[in-house]
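The values are calculated or read from the model by the stated rules, or taken from the named source; none is laboratory data. Note that this is a predicted model, so its numbers are computed, not measured. Glycine gets a Cβ as well: all are built from the backbone with ideal geometry, and neighbour counts include every protein chain shown. The protein model used for the area step is the full one, side chains on, heavy atoms only, and it has no ligands, DNA or RNA in it. Shrake-Rupley method; radii C 1.70, N 1.55, O 1.52, S 1.80 Å.
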Amino acid sequence: KLFYHYAVYSNIGLIPNMNNLIPQQLIKVFEKQKYHIIGKHSAIKRCGWLYRTLVQNRPCYKEKFYGINTHQCIQMSPAAFYCTQQCLFCWRAQNGDLNIKFDELKFPEWDAPEDIANGIIVEQQKLLGGYRGNPKTIPQKLREAYRPRHVAISLTGEPTLYEPLGELISVLHSKNFTTFLVTNGTVPERLSKLSQEPTQMYVSVCAPNEKVYKQVCRPQISDAWDKLNMSLSSLSSFNCRTVIRMTLVKGYNMQDIEGYAKLVEKANPDYIETKAYMHVGFSTLRLSFDNMPTHKEVNEFAKQLANRTGYTIVDEASDSRVVLLSKKGKPVRFSV
């Protein structure tokens with residue numbers, strides 16, 4: 001009944017599941033990797049932690065840190081094929097991977113926020129269908145999963161490239177979702193003009209200086225480092241909770257604590273997450289298994305950063321190799 005309601009309400013079936021700017025073979029790769037494509041440029045994908053929480057009762061670190069129910073979270077992107085960077089550690093398919101060429105900065109006519117919001121709910125319900133036949137699925141969690149309450153706008157691509165992003169966040173909030181927005185910070189003008197702030201905003205800071213940034217994040221636009229710094233400078237002006245996320249790649253960007261500390265001081269975020277690179281997806285074409293730091297190495301990095309910035313380590317999740325630092329004590333947990 002819920003599926004039928006959203007399908008009829010949004011006319012989601014009328015949105016074409018294709019994008020003339022994107023090669024069809026790339027879309028097939030996405031679909032083979034279990035992405036659910038929505039309209040011309042959006043997507044959701046089942047997070048691995050959805051299985052773990054529904055079948056093994058193991059929640060992800062966002063639930064541990066912030067109270068976001070893993071089984072009620074949708075992982076999505078409104079710009080699945082588009083990004084201003086080609087990060088070495090990114091799991092997404094980039095231009096040139098598998099010899100598939102496409103322009104990551106040539107954008108389509110954007111789909112309407114309401115259609116995207118309704119579409120991600122429909123597709124989330126579709127991917128939940130397989131759990132009904134699993135005898136190990138926790139029935140109560142599955143029932144609750146059909147009523148998602150949180151959207152992580154972070155799956156793949158750079159979401160701030162989607163022009164009506166503020167309107168999308170507003171639509172999601174009107175449907176009683178909380179939202180976590182993850183951005184690489186290279187479109188500061190879009191962030192500054194958001195008509196609606198997310199519940200929590202992340203800016204990825206994956207290099208301590210411009211030289212490492214160009215090597216690891218491989219920007220596709222001019223002045224990307226300067227634009228990232230503009231976003232960091234404006235972060236304290238937001239009313240929502242703010243986070244700097246550092247994806248740590250062993251052998252590439254785990255040096256120069258002083259450089260990271262200066263960026264933290266500039267941004268003055270509420271929280272910092274230091275998280276290990278994971279050897280998954282298309283990142284395996286660019287990096288090796290040995291580039292994944294251990295949780296112990298991530299923890300040691302976090303300790304050094306804490307000593308330099310005055311932030312305090314308040315939590316960690318060893319199975320995700322992530323450490324949470326805060327200047328305000330443990331986060332107030334969201335009620336969803």
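The rows are residues; the columns are (1) part of a loop (DSSP other than H, G, I, E, B); (2) in contact (Cβ under 8 Å) with a residue 24 or more places away in the chain; (3) of a type in the set (S, T, Y); (4) under 18 Å from I313 (Cβ atoms).
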{"position": "K227", "(1), (2), (3), (4)": "no, yes, no, no"}
{"position": "L232", "(1), (2), (3), (4)": "no, yes, no, no"}
{"position": "L235", "(1), (2), (3), (4)": "no, yes, no, no"}
{"position": "M254", "(1), (2), (3), (4)": "yes, yes, no, yes"}
{"position": "I272", "(1), (2), (3), (4)": "no, yes, no, yes"}
{"position": "M278", "(1), (2), (3), (4)": "yes, yes, no, no"}
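Put simply, of I74, I100 the only residue that is in contact with a helix residue (DSSP H, G or I) (Cβ under 6 Å, 6 or more places away or on another chain) and open to solvent by 10 Å² or more (accessible area, probe 1.4 Å) is I100. A search for C-beta distances below 7 Å between a residue of segment 194-213 that is farther than 15 Å from E258 by Cα and any residue that is open to solvent by 30 Å² or more (accessible area, probe 1.4 Å) and among the hydroxyl-bearing types (S, T, Y), counting only pairs 6+ apart in sequence or on different chains, returns S195/S170; Q196/S170. Is at least one residue of segment 314-322 open to solvent by less than 60 Å² (accessible area, probe 1.4 Å) and closer than 22 Å to L228 by Cα? No: segment 314-322 contains no residue that is open to solvent by less than 60 Å² (accessible area, probe 1.4 Å) and closer than 22 Å to L228 by Cα. If you go through segment 191-212 and keep only what is of a type in the set (D, E, K, R) and over 17 Å from the mean Cα position of the chain (by Cα), you end up with K193, E210, K211. Going by what's in this entry, would T242 be described as open to solvent by 20 Å² or more (accessible area, probe 1.4 Å) and in a strand (DSSP E or B)? So T242 fails the test.
Can you tell me which residue within segment 282-336, out of those that are among the aliphatic types (A, V, I, L, M) and assigned to a helix (DSSP H, G or I), is nearest to V216 (Cα to Cα)?
Top of the filtered list is L285.
Residue count for segment 145-170, restricted to those that are open to solvent by 10 Å² or more (accessible area, probe 1.4 Å), within 13 Å of T183 (Cβ to Cβ) and outside any loop (DSSP other than H, G, I, E, B): 1. If the condition is being modelled with pLDDT of 95 or more and either basic (K, R) or buried (at least 23 other Cβ atoms within 10 Å of the Cβ) (or both), then segment 127-144 contributes K136, K141, R143.
Conditions first: (1) within 24 Å of T70 (Cα to Cα); (2) open to solvent by 10 Å² or more (accessible area, probe 1.4 Å). S222 passes all but one, so which condition is the exception? Answer for S222: the failing condition is (1).
Please work out which one of (1) surrounded by fewer than 16 Cβ atoms within 10 Å (Cβ to Cβ); (2) of a type in the set (A, V, I, L, M); (3) touching a helix residue (DSSP H, G or I) at 6+ places or on another chain (Cβ under 8 Å) is the condition V249 fails and give its number. Here V249 clears every test but (1).
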